[in-house]
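A.B. asks: Sharing a structure here in structure tokens format.
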Ligand SMILES: Cc1ncc(COP(=O)(O)O)c(/C=C/C(=O)C(=O)O)c1O
């Protein structure tokens with residue numbers, strides 16, 4: 001495997017690196033986005049987590065989590081998922097030779113993610129309920145000892161994902177950005193990245209830290225609701241709903257860690273509408289050529305909103321984490337576009353159209 005996968009940080013990872021289960025996760029692109037940055041008056045970098053082996057940041061956590069499972073000698077792993085956790089766990093479980101069970105909310109998992117979970121050989125269960133119900137179900141099975149749970153309630157997941165924090169500091173030449181913006185669902189990733197940033201600061205690699213900024217879909221925003229109302233208490237959202245199905249989560253398991261990350265970093269949280277998410281998804285794809293799934297575009301939508309409302313100062317150096325690849329949710333991508341233009345095989349037909357674009 002390449003040197004610049006997450007295992008170059010093995011001294012910071014609390015598992016036996018000799019047993020590592022790896023698909024060369026991490027070392028993802030760090031793209032300067034000058035066109036959007038100029039439009040918003042900031043210095044914008046985008047960390048493209050869709051370039052991981054199964055197409056999302058989850059691979060970092062699953063590499064360390066399944067390595068721990070091997071260390072422990074378990075034979076079955078499992079998770080509940082809005083999609084990417086199950087897609088990643090099924091691949092890493094296959095790599096490690098572990099049995100895998102996943103529980104998904106029926107009808108609410110994007111096509112690409114479902115295809116991955118099924119194709120890598122997980123036993124896929126679909127329940128008539130949402131992600132939070134699925135998590136309750138699989139947690140019960142873990143407590144009974146049926147399987148090793150690898151949702152982000154498992155700290156080894158966060159140990160893998162904290163390497164995003166390591167990488168973005170290194171990508172910036174051993175400096176901290178002013179702000180990190182990312183979508184928040186179960187709230188593991190914002191907690192993990194903050195942990196990585198704090199560990200690097202403690203190790204003396206940089207003197208400043210960024211303001212952690214979480215973005216949620218407005219009808220699925222327990223963390224952002226609490227932050228915006230100035231409350232420390234996160235109240236679960238009963239029936240979360242958003243087209244960004246990856247973050248359609250009402251009761252984040254890592255809400256305490258996430259609120260601490262936001263508070264300690266003098267960060268914030270904001271909500272965005274589904275329309276703002278879809279606009280941002282196409283804006284990023286057609287302005288900077290970076291294709292992401294809807295939930296990931298929430299960080300760009302949130303960036304725009306926070307610049308427009310003055311929360312983000314002109315000239316700030318901002319890193320937006322875009323968490324999953326556009327191919328994860330092909331239906332949303334195709335529905336947002338015009339139909340292909342059908343023409344005859346006569347080049348003149350196409351030439352006439354080309355002259356109008
Ligand atoms: C593309 C994408 N972007 C952002 C998030 C939110 O991260 P967390 O706040 O750490 O949960 C998810 C989460 C997905 C799942 O929770 C799952 O797959 O079960 C995601 O897939």
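A.B. asks: When you scan the range 9-31, do you find a residue that is touching a strand residue (DSSP E or B) at 6+ places or on another chain (Cβ under 6 Å) and buried (at least 16 other Cβ atoms within 10 Å of the Cβ), even just one?
C.D. replies: yes
A.B. asks: Can I ask one more? Please find, within the range 154-185, the residue that is nearest to residue 41 (Cα to Cα) out of those that are in contact with a helix residue (DSSP H, G or I) (Cβ under 8 Å, 6 or more places away or on another chain) and assigned to a loop (DSSP other than H, G, I, E, B).
C.D. replies: Among them, the one singled out is 177.
A.B. asks: Also, I was wondering about something else. Tell me which residues, restricted to the range 307-326, are away from the ligand (no atom under 12 Å from the Cβ), surrounded by fewer than 24 Cβ atoms within 10 Å (Cβ to Cβ) and not in a loop (DSSP other than H, G, I, E, B).
C.D. replies: If the condition is that a residue be away from the ligand (no atom under 12 Å from the Cβ), surrounded by fewer than 24 Cβ atoms within 10 Å (Cβ to Cβ) and not in a loop (DSSP other than H, G, I, E, B), then 307, 308, 317 are the ones that fit.
A.B. asks: For residues in the range 233-276 being within 12 Å of the ligand (Cβ to nearest atom) and not in a loop (DSSP other than H, G, I, E, B), which is surrounded by the most Cβ atoms within 10 Å (Cβ to Cβ)?
C.D. replies: This residue is 246.
A.B. asks: What are the residues in the range 71-81 that are in a strand (DSSP E or B) and surrounded by fewer than 24 Cβ atoms within 10 Å (Cβ to Cβ), if any?
C.D. replies: Of everything in the range 71-81, just one residue is in a strand (DSSP E or B) and surrounded by fewer than 24 Cβ atoms within 10 Å (Cβ to Cβ), namely 76.
A.B. asks: Right, something else. Could you grab me the full set of residues in the range 43-70 that are away from the ligand (no atom under 16 Å from the Cβ), out of contact with any helix residue (DSSP H, G or I) (no Cβ under 6 Å at 6 or more places or on another chain) and either in a helix (DSSP H, G or I) or without any contact (Cβ under 8 Å) to a residue 40 or more places away in the chain (or both)?
C.D. replies: Residue satisfying the conditions is 69 alone.
A.B. asks: So, in the range 4-42, exactly how many residues are more than 23 Å from the chain's Cα centre (by Cα), part of a loop (DSSP other than H, G, I, E, B) and without any contact (Cβ under 8 Å) to a residue 60 or more places away in the chain?
C.D. replies: 1
Each reported figure results from applying straightforward, stated rules to the coordinates on display, with no laboratory input. What you see is a predicted model, and the numbers here were worked out from it, not measured in a lab. As a convention, Cβ positions derive from the backbone with ideal geometry for all residues, glycine included, and neighbour counts pool all protein chains shown.
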